[in-house]
Amino acid sequence: MNPLELMLGILTAVGGFVDVSELVFAAQAGSGFGYALIWVFAIATIGIMVFGEMSGRVAAVAKQPVFNLMRHRLGLGLGLVTLSASVASNLITCAAEVGGAAIILHLLTGASYALMALAMTAVLVASIWVLPFKWIERAYGLLGLVMIVFAVALVKIDPPWGAIASGFVPQVPEGLSVRELTRFAYFGVAIVSAVMFPYEVYFYSSGGIEDEWGVKDLGVNRLTCIVGFGLGSLLAITILSSSAQLFGPFHIDPQLPGSAALEVELPMGRTGLLLALLGMLFAISGAAIETCLANAYGIAQFFGWKWGRRKKPWDAPRFTLAWILLFALALAIVLTGIDVMRLVEFAVLFSILVLPLTYLPLLLLASDRRFMREHRNGWLANGLGWAYFVVILVAAVAAIPLFVLTSGGQA
């Protein structure tokens, strides 16, 4: 791959990293706990780097997408359970992304939320139908880079950089009540889920197969995961840090997706606000496409259908029908009038429950000499993989009790 292709791939990963869940939870975490949850973002980002690299390597060497290997590794029964849970999780996530994008469009245009949800869904369906796969990734990923305006705004408010740096050290704030500690734990679990969403691995590995990766692309895969995901996570951390500086002292809880844009308006005025909203719109829209396609990829791969955006829609009819129906279902959920924040919370909750079943078969296959030959996991990848599997298993067990005890993280 030439340097330009590599740079575009990394920039696409950066621009497509932040979705509605990370936007909301980063802003709320900063407002509620200052810089104390930055370390959770950092640790979760290393986790998605590890499993993202594994999924790309499996796609390049074994030519196996995630749900193919799930069926082989988990068997039909447990595989169907995982598929069903994944479809539900990704559908709710897609609905949250569509709803979040509709809110941004409502703020930009003043048109009704329901009308903007309809318009947004139509644009997304048209994008998938018309654009080649590579340009679906690049168009929304590169346009999502407008969110760099959040980093510019953070520099302009001149925050306490030492406090931000100390936030990368694992910590629990002193003096919290039991209720506040429980809420802190809930946000920690939610951030792990938001950063390590299963759809990212489904989409990434399927994209590798669509782009016909081979052994020669392993270095590009590793670099894209480390640099792209790392810079994308730093972007989320800037949102948390600005929220800690601007919202925290006034006890403002920025629950709605559009609230984060105020972090840019305060130091940069209306131009900054417009850029922030546009960057959020493209990033959230790109995430909606990824979640919908990830769902369709999973269903098609599990049942052995023809799939892929490189094919004409009529050459893979069941795959095409799947992603169109999934968008229609996501829109139907949004049009019920359910609060977008509830959708975000449910998306994070369902995703953390699916994570162990998503990453276990991937970890097993990436370590299998028969499939991966000399490219199987080494001691570092295996050690990190199993360590993170334990982390997500603990998070999955704790997720529902923490959700109930905190009423979804409410202050």
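Read the figures in this text as sums done on the coordinates, not as results from a lab. Because the structure is a prediction, the values reported are computed rather than measured. In this analysis, Cβ positions are derived from the backbone assuming ideal geometry, glycine residues included, and neighbour counts consider all displayed protein chains.
Rank SER241, GLY337, GLY230 by how far each Cα sits towards the positive end of the charge dipole of the chain (+1 on Lys, Arg Cβ; -1 on Asp, Glu Cβ) and give me just the farthest.
GLY230
So, with +1 on the Cβ of K and R and -1 on the Cβ of D and E, and no other charges, what is the size of the charge dipole of the stretch 14-406 about its Cα centre, to the nearest 20 debye?
Using only the charged Cβ atoms, the result is roughly 1220 debye.
Quick one: compute a quarter of the convex hull surface over the Cα atoms of the stretch 343-411 and quote it in nm².
Across all orientations, the stretch 343-411 yields a mean hull projection of 5.5 nm².
If you build the Cα gyration tensor of the stretch 14-406 and take the root of 5 times each eigenvalue, what three semi-axes come out, in whole angstrom, biggest first?
31, 25, 19
Output ³J(HN,Hα) for the stretch 301-318: one whole-Hz value per residue in order, computed from phi by the Karplus curve 6.51 cos²θ - 1.76 cosθ + 1.60 with θ = phi - 60°, and x for Gly and Pro.
5, 5, 8, x, 7, 5, 8, x, 7, 6, 7, 5, x, 7, 7, 9, x, 6
From the helices alone, meaning DSSP H stretches of at least four residues, give me the mean residue ellipticity at 222 nm for the chain, per-run term -39500 (n - 2.57), in deg cm²/dmol to the nearest 500.
Computed mean residue ellipticity for the chain: -26000 deg cm²/dmol.
Arranged from highest to lowest average of other beta-carbon atoms within 10 Å per residue, in what order do the peptides 169-175, 342-348, 22-28 appear?
Top to bottom by mean Cβ count within 10 Å: 22-28, 342-348, 169-175.
Peptides 210-216, 121-127: what's the order by average Cβ count within 10 Å, highest mean first?
The most tightly packed comes first, giving 121-127, 210-216.
Check the straight Cα-Cα distances from LYS134 and name the lysines below 23 Å, setting aside those fewer than 8 residues away within the same chain.
Partners within reach: LYS63, LYS216, LYS306, LYS311, LYS312.
Using the Cα centre of the stretch 264-346 as origin and beta-carbon charges of +1 (Lys, Arg) and -1 (Asp, Glu), tell me which of ALA300, SER285, TRP323 is placed farthest towards the positive end of the dipole.
ALA300
Quick check for me: using +1 on Lys/Arg Cβ and -1 on Asp/Glu Cβ, what's the dipole size of the stretch 96-250 about its Cα centre, in debye to the nearest 20?
With Lys and Arg at +1 and Asp and Glu at -1, about 180 debye.
Give me the Kirkwood hydrodynamic radius of the stretch 88-200, using the inverse of the mean 1/r over all pairs of distinct Cα atoms, in Å to one decimal.
It works out to 17.9 Å.
If only Cα atoms are counted, what is the Rg of the stretch 36-115, and what is its Dmax, in Å?
Every Cα atom of the stretch 36-115 included, Rg and Dmax give 18.2, 50 Å.
How much length is gained on full extension from VAL404 to ILE46, taking 0.36 nm per residue of separation minus their Cα-Cα distance?
Gain in length upon complete extension: 126.1 nm.
Beyond 18 Å, what share of the Cα-Cα pairs of the stretch 237-361 remains, rounded to the nearest whole percent?
Roughly 67 percent, rounded to a whole number.
Sort the following peptides by mean Cβ neighbour count (other Cβ atoms within 10 Å, averaged over residues), highest first: 257-263, 278-284, 142-148.
278-284, 257-263, 142-148
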